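Everything below concerns the one structure shown next.
The values are calculated or read from the model by the stated rules, or taken from the named source; none is laboratory data. Keep in mind the model is a prediction, meaning the values are calculated, not measured. A quick note on method: Cβ atoms are made from the backbone with ideal geometry, for glycine too, and the neighbour counts reach across all protein chains shown. Quick note on the areas: whole protein, heavy atoms, side chains included, nothing else; ligands and nucleic acids left out. Shrake-Rupley method; radii C 1.70, N 1.55, O 1.52, S 1.80 Å.
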Amino acid sequence: MDSENTRLTLGSLARVEGEGRLAFTVRHGRVEAAELNIYEPPRFFESFLRGRDFREPPDITSRICGICPVAYQVSACNAIEQACGAHLTQPILDLRRLLYCGEWIASHTLHIYLLHAPDFLGAADAIELARIARPEVERGLALKKAGNAILELIGGRSIHPVNVRLGGFYRAPTPSELAPLAEQLRTALDDALATVRWVSHFEFPDAEIDSELLALAQPGRYAIEDGMLTTTSGLSFTPEEFCDHVEERQVSYSTALHAHLDGHAYLTGPLARYSLHSAELSDTARQAATEAGLGTVCRNPFQSIVVRAVETVFAVDEALRLIREYQYPNRPYVDISPRAATGYGVSEAPRGMLYHCYQLDFEGRILRATIIPPTSQNQAAIENDLRSTLSANLRLTDTELTGLCERTIRNYDPCISCATHFLDLTIDRG
């Protein structure tokens, strides 16, 4: 391999949610370009929403992703409810947070066990992992099933829930319906704690990202379904001020926009949430993090698997608390009347902060919609990490570089869409 002048192309990324490729250009021993190319065609959801009724976005936008549909539903509800001046009751808000916990458990477990863990154990994929670590994979499947059970009971089904509506839910579960779910979650908590112990013994390369971190904050608790935006540089701003700080830019090689925070690449997601607000985790989750060797801040992207496992413990623990303190709402939703206004909504999808904005007319017709998903926010930071990783490892063989680049990308759990493919590697030596 000529490490002085090389163009390296990863034709199709494996074990990520969606389709993308990666291209590097090396000139005179320096990495000149690292391009994460998301080549799936544009999906035009923001255009689909224009002219639609204000009650439709929670159902329409949930179709953007089969892994984190609740995140799209909640961010859409937050934005439109704010525009309409709606105030939800605490039991409804708690039920929304419980639903979101289900999505965190299911999504984090999927990534930990089926996409990320094979990287650390020398397995090509989850099927091979199941051959060498069957009990662990079965534990992961049971844990994901517990997350799905929350989604099914609260949301009506585990994928693209149908029980969410503006102002709350079409139907709220009775306390007696939640009792068997709590029993399942108590077993899931043991599985989640075992997962933290398991992944904490993986071997992690030395690495540290220097990107600014952005995550939501809520007073006195770990933010999931709403909050203020906070950063490691000390910024704190409301969802209304999001676009005063975050700008989306087009790049020639990708159909995904790149977002920048005050002109710089930044990262949102588990590492950001944990590093900014680990003190707000439950006692059980904080203890699990300490026993896993995590400090209060984690900037090693390879250890994101440990942080996800800790967040899974938190989500199970939080779900149990919400069920324990559950108050059956008098009505499962509050009435909402449209008005001419613009609303802004945010929430923490498993893989990062998700922003929605809707402008409505006085009849509730959508005039403009803006959706900024976490993968678009993280893409520039991922490219920076890839550039640094490749620069430090140009001595490696093509096969070794391919594996390292894929591992680097999987650290961030990018959600390109819901497909996975195998990797074809080609190198153009120019």
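Those helices (runs of 4 or more DSSP H) of the range 171-283 in which 3 or more residues are closer than 15 Å to Y355 by Cα and of a type outside the set (G, A, S) occupy 242-245. Here A381 fulfils each of the conditions (1) surrounded by 15 or more Cβ atoms within 10 Å (Cβ to Cβ); (2) over 22 Å from the mean Cα position of the chain (by Cα) apart from (2).
In the range 134-146, the qualifying residues are those that are out of contact with any Phe, Trp or Tyr (no Cβ under 7 Å at 6 or more places or on another chain) and open to solvent by less than 10 Å² (accessible area, probe 1.4 Å), and the one that is farthest from L322 (Cα to Cα) is L143. Look at (1) buried (at least 24 other Cβ atoms within 10 Å of the Cβ); (2) without any contact (Cβ under 8 Å) to a residue 40 or more places away in the chain; (3) not aliphatic (A, V, I, L, M) and you find that W104 fails only one, number (2). Number of residues in the range 147-170 that are open to solvent by less than 60 Å² (accessible area, probe 1.4 Å) and either in a helix (DSSP H, G or I) or of a type in the set (S, T, N, Q) (or both): the value is 10. The single residue among T109, T89 that is hydroxyl-bearing (S, T, Y) and either over 30 Å from A340 (Cα atoms) or touching a Ser or Thr at 6+ places or on another chain (Cβ under 8 Å) (or both) turns out to be T109.
In this structure, is I112 within 25 Å of E225 (Cα to Cα), open to solvent by 30 Å² or more (accessible area, probe 1.4 Å), of a type in the set (A, V, I, L, M) and under 16 Å from the mean Cα position of the chain (by Cα)? So I112 does not fit the description; no. Can you confirm whether the range 152-174 contains a residue that is farther than 30 Å from L261 by Cα, in contact with a Phe, Trp or Tyr (Cβ under 6 Å, 6 or more places away or on another chain) and free of Cβ contacts under 8 Å to residues at least 24 places away in the same chain? Yes, the range 152-174 contains at least one residue that is farther than 30 Å from L261 by Cα, in contact with a Phe, Trp or Tyr (Cβ under 6 Å, 6 or more places away or on another chain) and free of Cβ contacts under 8 Å to residues at least 24 places away in the same chain.
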